[in-house]
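Below: one structure, written as structure tokens.
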Amino acid sequence: MTPPGALLRAAPLDDLIETGAHLRGFGGVHGGLTLALLTTAMAERAPGALLQNVTARYLRPLGGEFRIEVPEERTGRTMTALAARAVTEKGVHVDASAIFAAPRRASWPPVTPSAPAAPPPEDCEVFTIPPEFVAISTSMEIRPVGPNRPYAGGAEPELTAWIRLLEDDEPPDVHRLTLLLDGLAPSYAAVLSELALLPTVEFAVRPAIGLQRTASPWVLLRARTHRASADGWVDEGIDAWGPDGDHLGSARQLRLVRPM
């Protein structure tokens, strides 16, 4: 079984991509892994450029085999806009769009969110997600920070945890970070007391400059639900930091609650 990090390094993006059951999330191929693969394919069309933003829309669950299509790019003065989609014989399952731009030298003052106070990962207990619920979780090590846990009926819709891939000690690049940003349970689950599905409808990722200098496989994630409506639509924000406090990137998820 190919682990997710190895798949991101070696996926034959011009051929049929085969993913096993060990890479599934809510009902299909894990959403973060799918977007990471789509981003990898788009990055090949923008060599030397840095990803500024990528957004995916999950139209239907994706099975184990699919192809990635990348239509022709559109290039402006400072950026390249690309699109990609994951396709099976049933049609388009996931479509994505991204903005890439060449590195720039500038001296504008940076603004980044501060990392929450957290003990080092080795001082935190391991949290195991049942593999029958999210199979790809067996490829990750998750160590929660603070008392909040999924489906524990807590007061705050927030989850904070250290996370890493188990297969090696490589620091995350933009593709691994995309996968890890979708590695925790939905933060809204922290206020629920019974199991419910919260599949992703839309997932947007914005890498930060700190990602280029991180050297640790560990990523500190803080996910918080900013808004949830009575009909089940959930707006979630996620931020990532390295162990040195460098901000690595942000994500936004639109989810929809569904009963089990």
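The values are calculated or read from the model by the stated rules, or taken from the named source; none is laboratory data. The structure displayed is predicted, hence computed values, not measured ones. Here the Cβ is made from the backbone with ideal geometry for all residues, glycine too, and neighbour counts use every protein chain on show.
Specify the residue that is nearest to H30 (Cα to Cα); the eligible residues are those in the stretch 69-103 that are without any contact (Cβ under 8 Å) to a residue 40 or more places away in the chain and among the polar types (S, T, N, Q).
That would be T88.
Mind checking which residues of the stretch 80-117 are out of contact with any strand residue (DSSP E or B) (no Cβ under 6 Å at 6 or more places or on another chain) and closer than 30 Å to P144 by Cα?
Hits for the stretch 80-117 are P110, V111, S114, A117.
This table checks each residue for (1) of a type in the set (K, R); (2) under 21 Å from P4 (Cα atoms).
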position	(1), (2)
E170	no, yes
A189	no, no
T200	no, yes
V205	no, yes
T214	no, yes
D231	no, no
R252	yes, no
R255	yes, no
R258	yes, no
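Of the conditions (1) closer than 24 Å to F100 by Cβ; (2) touching a Gly at 6+ places or on another chain (Cβ under 9 Å); (3) of a type in the set (D, E, K, R), D173 clears all except one; give me its number.
Among (1) closer than 24 Å to F100 by Cβ; (2) touching a Gly at 6+ places or on another chain (Cβ under 9 Å); (3) of a type in the set (D, E, K, R), D173 violates only (2).
Based on what the data block shows, is L62 in a loop (DSSP other than H, G, I, E, B), at pLDDT 90 or above and crowded, with 20+ Cβ neighbours inside 10 Å?
yes
Quickly run through the stretch 213-241 and pick out the residues that are without any contact (Cβ under 8 Å) to a residue 40 or more places away in the chain and touching a helix residue (DSSP H, G or I) at 6+ places or on another chain (Cβ under 9 Å).
Scanning the stretch 213-241 gives a single hit, G237.
Within the stretch 180-191, identify whether any single residue is within 21 Å of P217 (Cα to Cα) and free of Cβ contacts under 8 Å to residues at least 60 places away in the same chain, and answer yes or no.
Scanning the stretch 180-191 turns up at least one residue that is within 21 Å of P217 (Cα to Cα) and free of Cβ contacts under 8 Å to residues at least 60 places away in the same chain.
So that you can scan it fast, the table gives a plain yes or no per residue for (1) touching a Gly at 6+ places or on another chain (Cβ under 8 Å); (2) free of Cβ contacts under 8 Å to residues at least 40 places away in the same chain:
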{"residue": "A49", "(1), (2)": "no, no"}
{"residue": "G64", "(1), (2)": "yes, no"}
{"residue": "R105", "(1), (2)": "no, yes"}
{"residue": "S114", "(1), (2)": "yes, no"}
